């Protein structure tokens, strides 16, 4: 079977940066890192800058095509954002990846407005998950209001002047009632989530149908489990100490209890979701980033056009 992807070693991929300048500094990176994420400016230069250069070229090509279409039709069509999907497991570092990518892309002069949306806002509220009996499957495909997410993306790609999405709070572990985030015709929208490359059961319309480019952040399952456990320890010392936290009862666990609890959650929920629903979508991505145990990207695979 012909190979669908071009594979690049870290060094070969880094060389594709060409003359792309590094526009982030250490203090910028510190503000973008998530809990327990390990990334430095060397990683940004070697992995993110070539990617931002590639995406800049893609976005510019699409913008040129939109101008050609407007000229042909004799009318100015509404600006349609370029949509990038970012998928991967819990604890693989995709949220930090998406924030850094947003920061870099927003520094290119041709597309300064880059919005980032997480699909967490399209999770059903806890009350509805409880009613459906699937609270323990939060993050699995059935826990999302996929219809609303599709409507959101449809409106964004139709050039609607304003499109709003619900907001999820990771402290209370629930949707914030009445809170929305609004997208106002940005140049680029990055949509980050666990199941954004998932094929829905009806097979009629997929979230990824609205993506111009998609990225899957990949790593060995055993490494992701260890990162999840490490993050759980970090959360025990930070977010879980907040009395408003849904998981405040974990704040007083011993180290042994914390390790056991984190691994139990991983094997019953997050690891299971990865194997059953997330990892099988990897080969639907336009680009796959392979991370090693030290969190550094060792290989990049770019799908052939």
* Just need the relative contact order of the stretch 5-303 here, percent rounded to a whole number, with Cα pairs under 8 Å and 6+ apart. => 25
* To do: Rank by packing, highest mean first: peptides 80-90, 44-54, with packing defined as the count of other Cβ atoms within 10 Å averaged across residues.
  => 80-90, 44-54
* Against the longest alpha carbon principal axis of the chain, how many degrees, from 0 to 90 and to the nearest 10, is the axis of helix 255-265 turned? -> 60
* Structure fact -> Given 165-176, 100-111, the highest-first ranking by average Cβ count within 10 Å works out to 100-111, 165-176
* Asked: How large is the helix-only mean residue ellipticity at 222 nm for the chain, computed as the sum of -39500 (n - 2.57) over DSSP H runs with n ≥ 4, divided by its residue count, in deg cm²/dmol to the nearest 500?
  -> -10000 deg cm²/dmol
* May I ask for the angle, rounded to the nearest 10°, between helix 49-73 and the longest principal axis of the chain, with both axes built from Cα atoms and the value confined to 0 to 90°? => 50
* Structure fact -> Highest mean packing first, using Cβ neighbours within 10 angstrom, the peptides 144-150, 284-290 sort as 284-290, 144-150
* **Percent of beta bridges antiparallel (DSSP, the stretch 91-203, rounded to nearest 5)** => 55
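Values in this text are rule-based calculations from the coordinates and carry no lab data. Just so it is clear, the model here is predicted, and its values are computed rather than measured. Ideal geometry is used to build each Cβ from the backbone, glycine not excepted, and the neighbour counts take in all protein chains shown.
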